[in-house]
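The next block holds one structure in the form of structure tokens; read it before the comments.
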Amino acid sequence: MTRAKSRLVSIPKSDLGSLEATIETLENEYVMGQLERSEQDIQMDRVRNLKEFLKEL
């Protein structure tokens, strides 16, 4: 990996909160683990539709 030159980047302030939330999520091992397990459940067809879920309640 080569080191890029530092550059100034400008983004709208309204996008900054979303970017910070994304970074926080990516750094959270628990949340990322949950997302990974969810993806595995979807791939293995271990999911229920809303109707099935509501019947169980």
Q: Please specify each residue of segment 43-57 satisfying the condition of being loosely packed, with under 10 Cβ neighbours inside 10 Å and of a type in the set (A, V, I, L, M).
A: Met44, Leu50, Leu54, Leu57
**Q.** Residues located in segment 38-57, provided they are assigned to a loop (DSSP other than H, G, I, E, B) and not charged (D, E, K, R)
**A.** Met44, Val47, Asn49, Leu57
**Q.** Neighbours by Cβ (under 9 Å, 6+ apart or cross-chain): first from segment 1-28, surrounded by 10 or more Cβ atoms within 10 Å (Cβ to Cβ); second part of a loop (DSSP other than H, G, I, E, B) and modelled with pLDDT of 90 or more
**A.** Leu19/Ile11
Q: Would you be able to tell me the number of residues in segment 1-37 that are assigned to a helix (DSSP H, G or I), of a type outside the set (S, T, N, Q) and at pLDDT below 90?
A: 0
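The values are calculated or read from the model by the stated rules, or taken from the named source; none is laboratory data. Being a predicted model, the structure only gives us computed values, none of them experimental. All Cβ positions, glycine included, derive from the backbone under ideal geometry; neighbour counts span all protein chains shown.
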